[in-house]
Amino acid sequence: MAEEIKKVLVANRGEIAVRVIRGCQEMGIATAAVFSEADATALHTRLADEAYPIGPSPATESYLVIDNIIEAAKAAKADAVHPGYGFLAENAEFSQAVADAGMIFIGPRPDDIRAMGDKIKARELTIGAGVPAVPGYEASPRKGRKKKGSAELIDELRQAAKEIGFPVLIKATAGGGGKGMRIVDGAGKFLDLAQAAMREAQAAFGNPTIYLEKYLQAPRHIEVQVLGDGEGNAVHVGERECSVQRRHQKIIEETPSPAIDDDVRARITSAAVKLAGAIKYLGAGTVEFLYVGEGEFYFLEMNTRLQVEHPVTEMVYGVDLVREQIRIAEGRGFSFYKCPESRGHSIECRIYAEDADAGFLPAVGTVELLDVPGGNGIRDDSSLFEGQVISEYYDPLLAKLVVWAEDRARAITKMDWALSRYHVLGVTTNIAFLRRVIRHPGFTAGDYDTHFLENRMDEFESEAELPPVEMIAAAAILAETPVNAVVSSEQDAGHNGPWATGGAWRQLECGN
Ligand code: ADP
């Protein structure tokens, strides 16, 4: 039964709180923000129609305290709560607490969050839905065994690892943010690495359970945006390519993926829809896959929330995912029952407060000056403002710069221009690093996997010379032209570093 939402409390901060507040306001829905002490003057606090203090600066005393947020939602007389991403977005207890307080949770049901938050359970559901998961092994009591001590569990997993074949990846059942993961390339190191993974998982998630996956050597991370109405109807909104990662964290995302053709696209998106339909998923979610080439992909995990990189989908498919989330929460279903036509290409760069030249240390400071690019097809999802104090309390993500253009080559050129015009003085950011990555021949050729950054880090250092803009445009266009395209020697003249004749350029000559 449809129930109109008139006021939403946004249980988050930073750019995503700003994004959701704006989305609600556009729809004529009133908004309430919550803020910690450090965020008393934050953009989301000021932008919302009302704002409620929820405690001291550390997130564990404010944004993560369910009772404080429910109290604020009640005080605001909100009909619904939007969790954003991170913090309590994938916390089943929170989703339940919102429902218990008589409000609508703009997100999935507690059971979906619980099932997909447990990687072992998620794998079982996926395999049950007929979707391939990464080959792996989990020692579960459901296989007729009693609960084991950690030594016994590790021993069993080590035996299984030999059967799967090294290298294997130890993963935490409750994992997230790359925590509790260890690559093991031989039986000798298994015990130490398994113990370390269990300790890390216990500290991060309060649950030490680990399992194994075959370690795929050079996969690409390709994910599918889905919407489900809770009754078994699901629709996809295309894929996103997220293989530019550092320590398993995405930095640059794009759609469409340069790695797949229409046939693979049709198969990967229908696998995601199949899973969402099979579990009668409710809300917006993302089904993540590892793509190993030759049309083969495996389920990785499902994120039961709005994803950081959702804007690239919005740019290319012309949809508003927050609006769809609200429609679904109201019981009105989606505004389309078939994936909308895609148009052009979109890229997102995550702008972080961090020092790329000093081991990516998080940076703090006061934003003295802010000058951001604008124009056709440029979107800045940000919570930045001049005078803002960037503290050490929260995630260092400051803004997401998103561009749209008719094709990938033009999107890269536009992103390069937009990054060159994005100035944040007073706080060190990774903007120059992002520019070096998107200008790299591997990126412009679309020829990258999840190890792209770590394998070539020295090529992104500040000493590495940037190729001139005509060269990146030429490389991006070449990547879209037929095989055997050759880069002429004149184009390389006078350049040193990774962009010099030979080296990475040669990849283009080999045909992409
Ligand atoms: P988390 O939930 O901690 O973020 P994920 O399961 O989503 O962990 O994996 C994060 C990243 O780790 C992936 O995008 C991929 O780069 C890498 N990864 C995960 N599983 C595998 C695997 N089996 N083989 C190779 N790389 C993997």
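Descriptive notes on the structure:
- Residue that is nearest to the chain's Cα centre (by Cα), among those in segment 392-435 that are open to solvent by less than 40 Å² (accessible area, probe 1.4 Å) and among the basic types (Lys, Arg): 400
- Of the residues in segment 192-205, none is under 18 Å from residue 133 (Cα atoms), outside any loop (DSSP other than H, G, I, E, B) and either of a type in the set (Lys, Arg) or away from the ligand (no atom under 11 Å from the Cβ) (or both).
- Just one residue in the set 315, 302 is open to solvent by less than 10 Å² (accessible area, probe 1.4 Å) and on the phi < 0 side of the Ramachandran plot; that residue is 302.
Here's the yes/no breakdown for (1) surrounded by fewer than 22 Cβ atoms within 10 Å (Cβ to Cβ); (2) under 23 Å from residue 400 (Cα atoms); (3) modelled with pLDDT under 95; (4) hydroxyl-bearing (Ser, Thr, Tyr):
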position	(1), (2), (3), (4)
3	yes, no, yes, no
11	no, yes, no, no
14	no, yes, no, no
68	yes, no, no, no
81	no, no, no, no
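- Residues in segment 263-292 that are among the aromatic types (Phe, Trp, Tyr) and in a strand (DSSP E or B) were compared, and the one that is nearest to the chain's Cα centre (by Cα) is 289.
- Some residue of segment 436-449 being among the polar types (S, T, N, Q), surrounded by fewer than 22 Cβ atoms within 10 Å (Cβ to Cβ) and out of contact with any Phe, Trp or Tyr (no Cβ under 8 Å at 6 or more places or on another chain): no
- Answer from 287, 273, 364, 322 - the residue that is open to solvent by less than 20 Å² (accessible area, probe 1.4 Å) and more than 16 Å from the ligand (Cβ to nearest atom): 322
- Criterion: open to solvent by 30 Å² or more (accessible area, probe 1.4 Å) and either within 19 Å of residue 215 (Cα to Cα) or aliphatic (A, V, I, L, M) (or both) - qualifying residue of 130, 176: 176
- Some residue of segment 233-249 being touching a strand residue (DSSP E or B) at 6+ places or on another chain (Cβ under 7 Å), in a loop (DSSP other than H, G, I, E, B) and in the same structural domain as residue 341 (by TED's automatic domain parsing): no
- The condition of being hydroxyl-bearing (Ser, Thr, Tyr), within 25 Å of residue 455 (Cβ to Cβ) and within 12 Å of the ligand (Cβ to nearest atom) holds for only one of 257, 243, that being 243.
- Qualifying residue in segment 215-225 (condition: within 11 Å of the ligand (Cβ to nearest atom), open to solvent by 50 Å² or more (accessible area, probe 1.4 Å) and under 22 Å from the mean Cα position of the chain (by Cα)): yes
- Within segment 180-209, if we keep just the residues that are closer than 20 Å to residue 92 by Cα and within 21 Å of the chain's Cα centre (by Cα), the residue that is surrounded by the fewest Cβ atoms within 10 Å (Cβ to Cβ) turns out to be 204.
The values are calculated or read from the model by the stated rules, or taken from the named source; none is laboratory data. Just so we're clear, the structure is a prediction, and the values are computed from it rather than from any experiment. Positions of Cβ are backbone-derived with ideal geometry, glycine not excepted, and every protein chain shown enters the neighbour counts. Protein only, heavy atoms only, side chains kept; ligands, DNA and RNA dropped before computing areas. Shrake-Rupley method; radii C 1.70, N 1.55, O 1.52, S 1.80 Å.
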